[in-house]
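Visitor: Got a structure for you, written out below as C-alpha cells; questions coming shortly.
Each value in this text was obtained by applying a stated rule to the coordinates, not by laboratory testing. Since we're looking at a predicted model, the values are computed, not measured. Backbone-built Cβ (ideal geometry, glycine too); neighbour counts: all protein chains shown.
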Amino acid sequence: MNTMTEKLQTKPSPLVSIVLPAYNEGAILAQSIEKIYSHLMSLDQYRWEILIINDGSRDDTGKIADELGFQHPDIKVFHHIVNLNLGNALKTGFNHSKGDYVITMDLDLSYSVEHIEMMLSTIETTQADMVLASAYMKGGKITAVPFTRILLSKWVNWLMSLSSQEKYHTFTCMVRAYKGDFIRALNLKTKDYEINPEIIYKAMILRARIIEIPAHLDWSFQNKAGKSRVSGIRVFKGIFSGLMASFIFRPYMYFLMFGLFLMGVFLYMFVWIIINISIIYPFIIAQSRFFDDRFSQAIARVFSDRPHAFFIAGFTLIVALQLLSMGFLSLQNKRYFEELFHLDSSIKNKLMNK
C-alpha cells in the first residue's frame, strides 16, 4: 500500500508543449515570450516546454529566439532556412514536441496567456482530444478588431460550419490545445493557413472529441502599436484559404446544390415550353393530319418566337447533369478517402506505440 502511494506521489506532472510559429516577429518576440513564460511559471501542476519555430524570418527573430533559448533551457528553437508558411511551422512544432498536451498560440497574444490554463483545464476535465478557443461562440468576446475583418472571418467560419454540419463556431483560429499523442499521430499535409480546418476535418474522420470554449480576441495591442501586423494581402489570402478549406468537408454538397438549382431552372423552362406548345397546337390542326407533324410545327413556332428558351433549357440541363454526376463521384471519393485515412491513422498509431 505504501509503495503504491509513493508511486502515485512520484508520478511526474503532465508536460505541456507550447508551439509558437514566428515569422518576422522580432519586434514583439521577447515581450510575448516573457508573458507566456511568467504565466507558465505560475502553473505548478504542469511541467512545460516552449517551442519557437522561426519560419525563415528576414528580421532578427531568429537571433532573439536563440538568445531566449540560451537563457532558458526549457525554450527550444527550431529554424526554417526559408519561409515554409504556417502549416509547415506547426508541423515542425508538433513533430518536435514531447508534451502530454500541446498548445498552439499566436505570438501577438491577441488571445491572452490566460487562455492556456483555460484550455488545459478543459482538456483534462472533459478528456477531449482537442480544445478550440472561440471568440465567436456564446460567451466569447471581441475587442478592437476591424469590423470588415470580423465580418469576413465569421462568414468563412459559418460556411465551414455549414459544410461540415458541425456546430463549431471557429475553424480557423490557431489558439488550441491538443492531446500530444493525438496531434503527433495526425497525418497532416497542408502547408499554410488551411492546416487549422484540416486538423478539425481529420479529427472528425477519426471521431475525435472536440470541445469549444469561449475566448477573448483582443487587438488593442495592435492598435496601440499604430499599425496592423496583418497585411491586406495576408487577410485576403487567409479568407481565400478558408473558402477552399470549407470545400474539403463536403465537396459533393456544392456540386449537388448547384446541380439541383440548375435542374430547377431547366424544369421551369421545360414546363414553359410545353405550355406554349400546347397553346399553339390547336391552331395548327387544320394544316396537317398527323400528330407528329402538327406537334413538330408547334415546337418550330415556339422556337421561332422564343429561341432563347430552348438554349437556356438545353444548357442548364447539360450543366446540371454534369454537376450532379460530379457530386455523386466526389461523395464516393470522399468515402474512400475517409476509409483510407482512418486505416492509415490506425497503422501509424500502432507503429508509434511499439
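Visitor: Test of understanding: express the Cα radius of gyration of the stretch 2-249 as a ratio to 2.2 N^0.38 Å, with N the residue count.
Guide: Details: Rg = 17.8 Å, N = 248, 2.2 N^0.38 = 17.9 Å.
Cα Rg divided by the expected 2.2 N^0.38 Å: 1.00.
Visitor: Want the number for residue 27 to residue 339: 0.36 nm per residue separation, take away the alpha-carbon distance, what's left?
Guide: Working: separation 312, 0.36 × 312 = 112.32 nm, distance 4.58 nm.
My answer for the length gained is 107.7 nm.
Visitor: Straight-line reach only, C-alpha to C-alpha below 15 angstrom: list the aspartates and glutamates that residue 138 could link to, leaving out same-chain residues fewer than 8 apart.
Guide: Hits, sequence-local ones excluded: 212.
Visitor: Still on this structure: Please give the per residue volume of the convex hull enclosing the alpha carbon atoms of the stretch 67-150, rounded to a whole number of Å³.
Guide: Numbers: hull volume 13.6 nm³, N = 84.
Residue-normalised Cα hull volume stands at 162 Å³.
Visitor: Something else now. Here are some pairs, 167/202; 189/334; 98/167; 76/179; which of them have Cα atoms lying more than 22 Å apart in this structure? Before the final figure, lay out the partial values.
Guide: Working: 167/202 16 Å; 189/334 16 Å; 98/167 31 Å; 76/179 20 Å.
In this structure, 98/167 lie more than 22 Å apart at Cα.
Visitor: With the crude spin-label approximation of a point 7 Å out along Cα→Cβ, what separation in nm comes out for residue 45 versus residue 206?
Guide: Between residue 45 and residue 206, the simple spin-label model gives 2.5 nm.
Visitor: So, one more: Quick one: if the Förster radius is 25 Å, what FRET efficiency do residue 147 and residue 329 give, using the C-beta to C-beta distance and rounding to 0.05? Working shown, then result.
Guide: Details: r = 41 Å, r/R0 = 1.62.
Efficiency for this residue pair is about 0.05.
Visitor: What are the trypsin sites (Lys or Arg not before Pro) within the stretch 108-183 that DSSP puts in a loop, where the Cβ has at most 13 other Cβ atoms within 10 Å? Please report the intermediate quantities before stating the final value.
Guide: On the way: sites: 138, 141, 149, 154, 167, 176, 179; in loops: 138, 167.
Taking the stretch 108-183 and a limit of 13 other Cβ atoms within 10 Å, the loop trypsin sites (Lys or Arg not before Pro) found are 138, 167.
Visitor: Under Stokes-Einstein, with the Kirkwood radius over Cα pairs standing in for Rh, what whole-number D in µm²/s applies to the stretch 104-222 at 37 °C and 0.692 mPa s? Could you put the intermediate results ahead of the total?
Guide: Values: Rh = 14.7 Å.
Approximately 223 µm²/s, per Stokes-Einstein.
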